[in-house]
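Just below is one structure, and these are the notes that go with it.
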Amino acid sequence: MSLRTFPHLRQFGAACVLALALSSTASAQQDEEKTPLGKKMSAMNTAFKAVGRQVEDPSKNANTLEQLATIETNAKAALAFEPEKKAKVPTAQQAKFIAGYQAGMKEFLVTVEKMRAALKAGKNAEAAAIYDAMKGQQRDGHKEYRIKKAGAPPASI
Ligand code: HEM
């Protein structure tokens, strides 16, 4: 097989290189668009998805605990940032808005701790129920404190 016999292969190769270049630019741009808080959230998201896939499996508990540590580190770091949405809240209500955000994040951290205890005790069914509670906290936190952007994924993501 040669490029001379199959000239379209050359075009195909060029198209692949172009597609790769475009997709890496797109993801770099997405990353640049993220706020510092958004970056902490993304790190939490990757670990949280992994937890969701394996929380019921006791043989994965060591790794699930590691993912939980990642979630905890990033949730604690998130406390140091203010949501972008603050700017859209009237000045007189901003302090209350930030206090509410921080309280929500601290509540989430308490739930993280509960899941850690359940996993350490080998109570995986309980940990799975706690996972659902965390999804609820995520949904509520996003509904209240995250700007809804056009074309953005739904609040639960
Ligand atoms: C399982 C827990 C959570 C996960 C996996 C998660 C995940 C995410 C993701 C993926 C984003 C979008 C990041 C981006 O691409 O810009 C985001 C944004 C955000 N999340 Fe969460 N989140 C969680 C819990 C929470 C909680 C509990 C709160 C508030 C109490 C919260 C507040 C926010 C805010 C305010 C933003 C927008 C970022 C900004 O304003 O700069 N999240 N989250």
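Bear in mind these aren't lab numbers, they're just calculated from the coordinates by the rules spelled out. Given the structure is predicted, the values throughout are model-derived calculations rather than measurements. Note: ideal-geometry Cβ built from the backbone for every residue, glycine included; neighbour counts use all protein chains shown.
Scanning the range 44-74 for residues that are among the small types (Gly, Ala, Ser) and either outside any helix (DSSP H, G or I) or buried (at least 17 other Cβ atoms within 10 Å of the Cβ) (or both) yields Ala47, Ala50. Here Ala87 passes the criteria (1) in contact (Cβ under 8 Å) with a residue 12 or more places away in the chain; (2) of a type outside the set (Val, Ile, Thr); (3) within 10 Å of the ligand (Cβ to nearest atom) except the one numbered (1).
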